[in-house]
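Beneath this line is the structure, given in structure tokens, with notes to follow.
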Amino acid sequence: MARIALVDSDQNCRLICAAVLRHFGHSVECYDHLAEAAASRATGFDLFIVDPGWNYRGQESYLDFLRELVPDPPVILVSGGVTGGANESELRRGVRLLPKPFPIEILRDAIEQLVTHAPSSASR
């Protein structure tokens, strides 16, 4: 299963999501802020699940910021402010956008698709 960095400023969301991800067999480390999680990327995360929170103005600028900090592993961006699905460019960059709330099956499927289709760690 995947090693996941879960980033959400809401402690309750982190606790619930982490419990569900662990139930699915994933290893999960939780962080309040993206910069803190990105600093840990050397520890070999397979996937980042990130809620950008309110402090980022736009989806595109946040994705650019995200990729500066986390260039390699795939990312699931979850937010109440996300509208619509990922465009083709974002999909090529290994980013999936999930609007909150979402069915847990959608998250499970996105993780499976991203981790299964991610380049192997040897090629990173």
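Looking at (1) crowded, with 20+ Cβ neighbours inside 10 Å; (2) modelled with pLDDT of 75 or more, which is the only condition Ile104 fails?
Failing condition for Ile104: (1).
Out of all the residues in region 83-94, is one or more modelled with pLDDT of 60 or more and either over 15 Å from the mean Cα position of the chain (by Cα) or of a type in the set (Val, Ile, Thr) (or both)?
Going residue by residue through region 83-94, those that are modelled with pLDDT of 60 or more are 93-94.
So of that shortlist, the ones also either over 15 Å from the mean Cα position of the chain (by Cα) or of a type in the set (Val, Ile, Thr) (or both) come out as none.
Within region 83-94, none of the residues are modelled with pLDDT of 60 or more and either over 15 Å from the mean Cα position of the chain (by Cα) or of a type in the set (Val, Ile, Thr) (or both).
From the residues in region 6-20 that are touching a residue at least 24 places away in the same chain (Cβ under 8 Å) and not polar (S, T, N, Q), which one is farthest from Arg108 (Cα to Cα)?
Just the residues of region 6-20 that are touching a residue at least 24 places away in the same chain (Cβ under 8 Å), to begin with: 6-10, 13, 17, 20.
Imposing the further condition that a residue be not polar (S, T, N, Q) reduces the set to 6-8, 10, 13, 17, 20.
On the way: Leu6: 14, Val7: 17, Asp8: 18, Asp10: 20, Cys13: 16, Cys17: 11, Val20: 10 Å.
If we take residues in region 6-20 being touching a residue at least 24 places away in the same chain (Cβ under 8 Å) and not polar (S, T, N, Q), then Asp10 is farthest from Arg108 (Cα to Cα).
Can you tell which of Asn12, Asn55 is at pLDDT 80 or above and polar (S, T, N, Q)? If you could, list the steps in order and put the result at the bottom.
Details: Asn55 fails: at pLDDT 80 or above.
Selected residue: Asn12, the only one of Asn12, Asn55 that is at pLDDT 80 or above and polar (S, T, N, Q).
The values are calculated or read from the model by the stated rules, or taken from the named source; none is laboratory data. Nothing here was measured: the structure is a model prediction, and the numbers come from that model. Note: ideal-geometry Cβ built from the backbone for every residue, glycine included; neighbour counts use all protein chains shown.
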